[in-house]
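Here is the structure we will look at, set down as structure tokens.
The values are calculated or read from the model by the stated rules, or taken from the named source; none is laboratory data. For clarity, every value in this text was computed on a predicted model and none was experimentally measured. When we count neighbours, we look across all protein chains shown, and the Cβ atoms used for this are built from the backbone with ideal geometry, even at glycine.
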Amino acid sequence: MQIKICDSITEIAKLDWNSLVLDNNPFLKHEFLYALEKHDCVGERFGWLSRHIAIYDDDQQLIAAMPLYEKHNSYGEFVFDNAWADAYQRHGLRYFPKLVAAIPYTPIIGQRMLARKPDQAHVFPILLETIKQLAETIQASSFHCLFPSNTEHQWLQSQNLLTRHDCQFHWHNQNYSCFDDFLSKLTAAKRKNIRQERRRVEQAGISFRRLSGNTATDKDWQIFTQFYQKTFDEKWGVATLNYEFFREVAQQLPDNVLLVLADKDDICIAGALMYHSDDRLYGRHWGCSEYINSLHFEACYYQGIEYCIEHGLKSFEPGAQGEHKLARGFLPTLTRSNHWLATNHFVTAITNFVQHEQQAISEYIEDLNQHLPYKK
């Protein structure tokens, strides 16, 4: 058996890596991760250094892998540990670098420990031991597995890694035949509100184009990139992605791309970028050049719900946070991450922290469940 730590995804053959990806998940595909590296969306500039793990058997067949990064900040993770980093600093300890198994800037649930099901019991311990040895080599403070699959989470929890909880809002397709069928399951007030929002957008003269990677043009990607960058500029964030990245993913994974563009008087004024696997739609980025009442809800949510119904997708993850999604048919959904600390300086304090956090998230979701938009 051979274990490699790869400073670039290009050190692993594309077909070998993709053979371990389940459900046609675009974010785990070799093409997506390579586009991030190729177009400088990760690397030293943004503090995401590739340290991908590849495990080969005696026949040089890839049997396990992990998208792993050496992090020198906590940006783009969506699992916030600034208080942990601050505690280390105040006690004269180094929190960075740390190791993170995640998809950069992408809070979606999915594989982090890539392996075929028959191999998982054998290779999961090897992956975790490799991470611990790498942490020792680079003097990393910790390892964080963000938004893992349920199987991976349960296994990591059994290895005594700490578990953090959070809440997202996901939409689930109950075999709806059309959008009105979905609306019929909502309470009258919520149904009326959604119809009013859709009517406002229609009355504003907005039309929509749903494009795949095959049908979106270079001009479409240039315009969407401007929307994306404008959103980050207005929110004081860092626009880590770029036109070259968006176009590359569209070219390499065209059937996984859904670009929704909104036009007014033949001018594109807004766009929402989504990706999808075999059964799930993922909302990722949004931007606009002109404010139209309810346009964000239509482009980012209702167009996606319609797409799921028309294409038989089972669920829709529109992104992190956002209680406003509840009124639009998205349900509170528990998300989890697993954490290992190399030293025990703060184990008691952090253990207490995650236990209180779990309780708070549980109470939060319980409260949200008292206000679901669906008929009882």
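Residue 233 falls short on exactly one of the conditions (1) in the same structural domain as residue 128 (by TED's automatic domain parsing); (2) free of Cβ contacts under 8 Å to residues at least 60 places away in the same chain, and that condition is (1). Restricting the range 313-332 to residues that are touching a helix residue (DSSP H, G or I) at 6+ places or on another chain (Cβ under 9 Å) and part of a loop (DSSP other than H, G, I, E, B), the residue that is surrounded by the fewest Cβ atoms within 10 Å (Cβ to Cβ) is 314. The residue that is surrounded by the most Cβ atoms within 10 Å (Cβ to Cβ), among those in the range 286-307 that are charged (D, E, K, R) and part of a helix (DSSP H, G or I), is 298. Taken together, the residues in the range 228-245 that are assigned to a helix (DSSP H, G or I) and either touching a His at 6+ places or on another chain (Cβ under 9 Å) or loosely packed, with under 15 Cβ neighbours inside 10 Å (or both) amount to 8. In the set 169, 182, only one residue is within 29 Å of residue 312 (Cβ to Cβ), of a type in the set (A, V, I, L, M, F, W, C), assigned to a helix (DSSP H, G or I) and in contact (Cβ under 8 Å) with a residue 60 or more places away in the chain; that residue is 182. Confirm whether residue 213 is surrounded by fewer than 12 Cβ atoms within 10 Å (Cβ to Cβ) and touching a strand residue (DSSP E or B) at 6+ places or on another chain (Cβ under 7 Å). The answer is no for residue 213.
When residue 160 is tested against (1) surrounded by 15 or more Cβ atoms within 10 Å (Cβ to Cβ); (2) in the same structural domain as residue 87 (by TED's automatic domain parsing); (3) not in a helix (DSSP H, G or I), exactly one condition is not met: (1). So, residue 283, is that one of a type in the set (Gly, Ala, Ser), over 30 Å from residue 130 (Cα atoms), surrounded by fewer than 21 Cβ atoms within 10 Å (Cβ to Cβ) and not assigned by TED's automatic domain parsing to the domain that holds residue 28 or not? When the stated conditions are applied, residue 283 does not pass them. Kindly evaluate residue 87 against the criterion of being outside any helix (DSSP H, G or I), touching a residue at least 12 places away in the same chain (Cβ under 8 Å) and of a type in the set (A, V, I, L, M, F, W, C). Here the answer is no, as residue 87 does not meet what is asked.
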